[in-house]
Amino acid sequence: MAENLAGSVFMWLTAEEKTGEKYMNSPIYRCRCLCGREAEVPASALRSGQGGCCGNCVRTLQALCGPEPEVEGMKLACLTLGRPTGKKVRNSPLYTATCSCGAECTVTLSALRCAKAIACPSCQVDLAAKGYGVRK
Ligand SMILES: [Zn+2]
Ligand SMILES: [Zn+2]
């Protein structure tokens, strides 16, 4: 397969270049996650939508599973998560977060858990226009 995925966006990852390694015959790409970290993901996982973010963001998503998760300081895509505000929106606790652009925002736990909230509202629009955040 001569297909080149470099420059393509897969959920939160941008494929940058082939590492030269393979996983089950699928070339492994070095990717950049929205959170800034690198991840090495086989092309097959990128295309199937299984490898949509780096391992660090996966750990944050796992940490968000508890009823009142303590996630302060953890990164999720462009957001650095803060404390719960004590408020709720549609029964979901509202958390503070700081976007990589520097803007502060609030996001519901449910939006974080389902990986819908990835940045402050204005960055989120820009990222969606570039194709980020969509599971393929
Ligand atoms: Zn990440
Ligand atoms: Zn932002």
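The values are calculated or read from the model by the stated rules, or taken from the named source; none is laboratory data. This one's a predicted model, so the numbers in the text were calculated from it and none came from an experiment. Ideal geometry is used to build each Cβ from the backbone, glycine not excepted, and the neighbour counts take in all protein chains shown.
Looking only at the stretch 6-25, residues that are farther than 25 Å from Val125 by Cα and in contact with a Lys or Arg (Cβ under 9 Å, 6 or more places away or on another chain) come to 3 in all. For the stretch 35-50, indicate whether the set of residues that are under 19 Å from Pro121 (Cα atoms) and of a type in the set (A, V, I, L, M, F, W, C) is non-empty. There is at least one residue in the stretch 35-50 that is under 19 Å from Pro121 (Cα atoms) and of a type in the set (A, V, I, L, M, F, W, C). I'm told Leu64 meets every condition in (1) within 13 Å of ligand 1 (Cβ to nearest atom); (2) closer than 30 Å to Tyr23 by Cα except one. Can you identify the failing condition by its number? So Leu64 meets the others, but not (1).
Limited to the stretch 67-100, what total is found for residues that are within 16 Å of ligand 1 (Cβ to nearest atom) and without any contact (Cβ under 8 Å) to a residue 24 or more places away in the chain? Can you show your working first?
Filtering the stretch 67-100 for residues within 16 Å of ligand 1 (Cβ to nearest atom) gives 71, 73-81, 97-100.
Subsequent filtering for residues that are without any contact (Cβ under 8 Å) to a residue 24 or more places away in the chain retains 73-74, 80, 97-98.
Number of matching residues: 5.
Restricting the search to the stretch 1-13, which residues are surrounded by fewer than 19 Cβ atoms within 10 Å (Cβ to Cβ) and at pLDDT 95 or above?
First pass over the stretch 1-13, keeping only residues surrounded by fewer than 19 Cβ atoms within 10 Å (Cβ to Cβ): 1-4, 6-8.
Of everything in the stretch 1-13, those that are surrounded by fewer than 19 Cβ atoms within 10 Å (Cβ to Cβ) and at pLDDT 95 or above turn out to be Ala6, Gly7, Ser8.
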